[in-house]
Amino acid sequence: MPKLVYNDLLVRLNTDINNVNTSAENFGGAGIIYGGNITSWIKFANSFKFKIGMTIADGDNAKSIRLVTKAAFFIDLLPLILFCTIIK
């Protein structure tokens, strides 16, 4: 069951990341988090993908490595690695 949830979350995250209009300046008044900064939202989505990759590592190591590696290009790893080790 958790595998289905994580796979669904990944599909949704990928869809949302791909649908973000990166040519827009920001989300305007609708973006109360990150001041509406689109780049920060994409970074957040990829950090969530990184966390999912870390979570599924024991069950699907190959997929985990792909997720973590791809997400790592979009995020600053040190704070996220610290976060993952604290909550695990």
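The numbers here are math on the coordinates, done by the rules we state, and not lab data. Quantities reported herein were computed from a predicted structural model and do not represent experimental measurements. Note that each Cβ is placed from the backbone with ideal geometry, even for glycine, and that neighbours are counted across all protein chains shown.
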Measuring from a point 7 Å past the Cα of residue 48 along Cα-to-C-beta, which residues in the stretch 1-35 have an amide N at less than 16 Å? 5-21, 31-35
Only Cα pairs within less than 10 Å get springs; with that Gaussian network setup on the chain, which residue of 71, 45, 30 has the largest fluctuation? 30
In the chain, lysine pairs closer than 19 Å at Cα, eight or more apart or cross-chain: 12
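State to the nearest 20 debye the size of the charge dipole of the chain about its Cα centre, where the only charges are +1 on K and R beta carbons and -1 on D and E beta carbons.
Value, rounded to 20: 220 debye.
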Run the helix sum for the chain: -39,500 (n - 2.57) per DSSP H stretch of 4+ residues, divided by residue count, reported at 222 nm to the nearest 500 deg cm²/dmol. -22000 deg cm²/dmol
